[in-house]
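The values are calculated or read from the model by the stated rules, or taken from the named source; none is laboratory data. Owing to the predicted nature of the structure, the values given are computational and were not obtained by experimental measurement. We place every Cβ from the backbone using ideal geometry, glycine too, and count neighbours over all the protein chains shown. Surface areas here come from the heavy atoms of the whole protein model, side chains and all, with no ligands, DNA or RNA. Shrake-Rupley method; radii C 1.70, N 1.55, O 1.52, S 1.80 Å.
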Amino acid sequence: MFRNLDLKRTLWKNLINYNPEDRRLYVNQLYYRQTATKTLPNRLIVVVDQSGSMVDAMVQTAIMASIFATLPRVDVCLIAFDTNVLDLTPYVREPFEGS
């Protein structure tokens, strides 16, 4: 597409093809701007057991989820379960503030 053509770079890279006799610039290769990047949505869902024997794992998992939440383009959901399911996603950025 012409709108994505990087005219300045195309001219600069093809200056070696300038013919002074004809006073013409012959273009061997066109260069384009990258207008959109392809990114995949990254969602990490962390599910952890919060029963009595798994308390240590719950703390470590909350810390791990908060570390992943600081990464760019990563959407982290933290779910804890025992007899009920608890969505801790709002607290994933600051796991120790939710107490």
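In the set V85, V59, V55, V48, which member is open to solvent by 100 Å² or more (accessible area, probe 1.4 Å) and hydrophobic (A, V, I, L, M, F, W, C)? Let's see the steps before the verdict.
Details: V59 fails: open to solvent by 100 Å² or more (accessible area, probe 1.4 Å); V55 fails: open to solvent by 100 Å² or more (accessible area, probe 1.4 Å); V48 fails: open to solvent by 100 Å² or more (accessible area, probe 1.4 Å).
Just a single option satisfies the conditions, and that option is V85.
When region 1-45 is examined, which residues are found to be open to solvent by less than 100 Å² (accessible area, probe 1.4 Å), assigned to a strand (DSSP E or B), over 30 Å from L88 (Cβ atoms) and out of contact with any helix residue (DSSP H, G or I) (no Cβ under 7 Å at 6 or more places or on another chain)?
L5, N19
Do we find a residue being under 30 Å from L5 (Cβ atoms), free of Cβ contacts under 8 Å to residues at least 40 places away in the same chain and among the hydrophobic types (A, V, I, L, M, F, W, C) anywhere in region 35-52?
Yes: region 35-52 contains one or more residues that are under 30 Å from L5 (Cβ atoms), free of Cβ contacts under 8 Å to residues at least 40 places away in the same chain and among the hydrophobic types (A, V, I, L, M, F, W, C).
Can you spot a residue in region 62-74 that is open to solvent by 80 Å² or more (accessible area, probe 1.4 Å), among the hydroxyl-bearing types (S, T, Y) and under 27 Å from the mean Cα position of the chain (by Cα)?
Checked against the condition, which is being open to solvent by 80 Å² or more (accessible area, probe 1.4 Å), among the hydroxyl-bearing types (S, T, Y) and under 27 Å from the mean Cα position of the chain (by Cα), region 62-74 yields at least one hit.
Starting from region 1-24, keep only residues that are under 20 Å from T37 (Cα atoms), then list their pairs with residues that are β-branched (V, I, T) whose Cβ atoms are within a distance under 6 Å, requiring at least 6 positions of separation or different chains.
From region 1-24, the pairs are N4/T35.
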